[in-house]
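Contents: one structure, followed by commentary.
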Amino acid sequence: MPELPEIELYVGALKDRVVGRPLEKVRLRSASLLRTYDPPISAVEGKQILEVRRMGKRLVFKLEDDLFLVLHLMISGRLKWRKRGAEVPRKGAHGAFDFPGGTLLLTEAATQKRASLHAVRGEQAVAALNPGGLEVLDSAPGELATVLRREGHTIKRALTDPRIVSGIGNAHSDEILHAAKLSPFTRTKDLSDAEIAHLHRVILASLHEWIDRLREELGSGFPEKVSAFHPRMNVHGRFNQPCPVCGSPIQRIVHGAHETNYCPGCQTEGRILKDRALSRLLGDDWPKTLEELEAR
């Protein structure tokens, strides 16, 4: 799923291409995409795009007449910039948005189509679509401490819950926790003020680093290959590969369709965290330390 740095990449590329230009035509192929009926989607046609911004993991397009389009790409939704009037593929595409300088194509590769588009009127209606998590890039350490301690969760869950922290998902939370040297199972209520202040600095540094890195790699192009994994990540998607900091093999915890990647050497003092499914299967054979893992 595109997260805060990837959405910011889309925002920058879209600003250069659509702000100040009219949205000439909306061509929707998928009935599941549009989640609203009033105002009708036809109301935005011919209206000029005044602003493109990020709201958590959503893209917000502000148009004339106080109209807005709010797009959530979910896990596999992606945007592509094509020649004006480009055909919408019959398979794997939700639709297209035509502008004078090109067409914005919306695709979704997954069989279960989860991407959503809301056409609404007024900032209040936009705000109603915001889960309400802290926009951490604009926050102070004390604000992060307040939201983390509001409920008793693991730090991994808290960072990826859009009602607690906005814009961070599975991939970047792995990278943040590795840089902060925190176990993903650390309870938020157990964190001291100093640890949260350190975490806050790491979050800002990591997100800004990835925003800058992705922009540098993209240059003036359009982000066509947005992914939850990047080959320069330290732990995410690197199961069983050596940690670039300490050399320990990266471990993972699988929960449903999601997985947490971490380094035992950097984050858990050498302990191997239990994967629910595998630990039930292996029982006493589950390795508890790096030494036991290596011995097996």
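The values are calculated or read from the model by the stated rules, or taken from the named source; none is laboratory data. Since we're looking at a predicted model, the values are computed, not measured. Quick reminder, even Gly has a Cβ in these numbers, built from the backbone with ideal geometry, and neighbours come from all protein chains shown.
Filter the stretch 39-85 down to the residues that are among the polar types (S, T, N, Q) and more than 20 Å from LYS15 (Cβ to Cβ), then identify the one that is surrounded by the most Cβ atoms within 10 Å (Cβ to Cβ). Walk me through how you get there before you give the answer.
So in the stretch 39-85, the residues among the polar types (S, T, N, Q) come out as 42, 48, 76.
Those left that are additionally more than 20 Å from LYS15 (Cβ to Cβ): 42, 76.
Working: SER42: 10, SER76: 18.
Applying the filter and picking the extreme gives SER76.
Considering only residues in the stretch 119-136 that are small (Gly, Ala, Ser) and under 20 Å from the mean Cα position of the chain (by Cα), the one that is surrounded by the most Cβ atoms within 10 Å (Cβ to Cβ) turns out to be GLY133. The residues of the stretch 249-271 that are part of a loop (DSSP other than H, G, I, E, B) and either basic (Lys, Arg) or surrounded by fewer than 19 Cβ atoms within 10 Å (Cβ to Cβ) (or both), listed by number, are GLY256, ALA257, GLU269, GLY270. For the stretch 92-139, a residue qualifies if it is in contact (Cβ under 8 Å) with a residue 24 or more places away in the chain and under 30 Å from LYS189 (Cβ atoms), and the qualifying residues are LEU129, ASN130, PRO131, GLY132, GLY133, LEU134, GLU135, VAL136, LEU137, SER139.
In this structure, does HIS178 turn out to be closer than 29 Å to VAL11 by Cα, within 15 Å of the chain's Cα centre (by Cα) and not hydrophobic (A, V, I, L, M, F, W, C)? No; evaluated as a whole, the condition is false for this residue. Of the listed requirements (1) out of contact with any Phe, Trp or Tyr (no Cβ under 8 Å at 6 or more places or on another chain); (2) in contact (Cβ under 8 Å) with a residue 60 or more places away in the chain; (3) farther than 27 Å from GLY12 by Cα; (4) surrounded by 19 or more Cβ atoms within 10 Å (Cβ to Cβ), THR186 misses just one: (2). I'd like the residue in the stretch 185-200 that is hydroxyl-bearing (Ser, Thr, Tyr) and outside any helix (DSSP H, G or I) and, out of all such residues, is nearest to the chain's Cα centre (by Cα). Step by step, filter the stretch 185-200, then rank; the result is THR186.
What tally of residues in the stretch 1-29 results from selecting those that are of a type outside the set (A, V, I, L, M, F, W, C) and touching an Asp or Glu at 6+ places or on another chain (Cβ under 8 Å)? Outline the logic, then answer.
The first filter runs over the stretch 1-29 and keeps only residues of a type outside the set (A, V, I, L, M, F, W, C), leaving 2-3, 5-6, 8, 10, 12, 15-17, 20-22, 24-25, 27, 29.
Filter once more, so that each one left must be touching an Asp or Glu at 6+ places or on another chain (Cβ under 8 Å): 24-25, 27.
Total meeting the criteria: 3.
Kindly indicate whether any position in the stretch 100-118 is under 30 Å from ALA197 (Cα atoms) and within 17 Å of the chain's Cα centre (by Cα). The answer is no, given that none of the residues of the stretch 100-118 is under 30 Å from ALA197 (Cα atoms) and within 17 Å of the chain's Cα centre (by Cα).
Taking the condition outside any strand (DSSP E or B), within 24 Å of LEU9 (Cβ to Cβ) and touching a Leu at 6+ places or on another chain (Cβ under 8 Å), does LEU207 pass? Show your work before the answer.
Numbers: outside any strand (DSSP E or B): yes; within 24 Å of LEU9 (Cβ to Cβ): yes; touching a Leu at 6+ places or on another chain (Cβ under 8 Å): yes.
Against the criterion (outside any strand (DSSP E or B), within 24 Å of LEU9 (Cβ to Cβ) and touching a Leu at 6+ places or on another chain (Cβ under 8 Å)), LEU207 qualifies.
Against the numbered list (1) modelled with pLDDT of 95 or more; (2) among the hydroxyl-bearing types (Ser, Thr, Tyr); (3) out of contact with any strand residue (DSSP E or B) (no Cβ under 9 Å at 6 or more places or on another chain), SER183 comes up short only at (3).
Scanning the stretch 211-231 for residues that are of a type in the set (D, E, K, R) and more than 17 Å from the chain's Cα centre (by Cα) turns up GLU216, GLU217.
Which of the following residues is without any contact (Cβ under 8 Å) to a residue 40 or more places away in the chain and aliphatic (A, V, I, L, M): VAL226, VAL254? Outline the logic, then answer.
Details: VAL226 fails: without any contact (Cβ under 8 Å) to a residue 40 or more places away in the chain.
The unique qualifying residue is VAL254.
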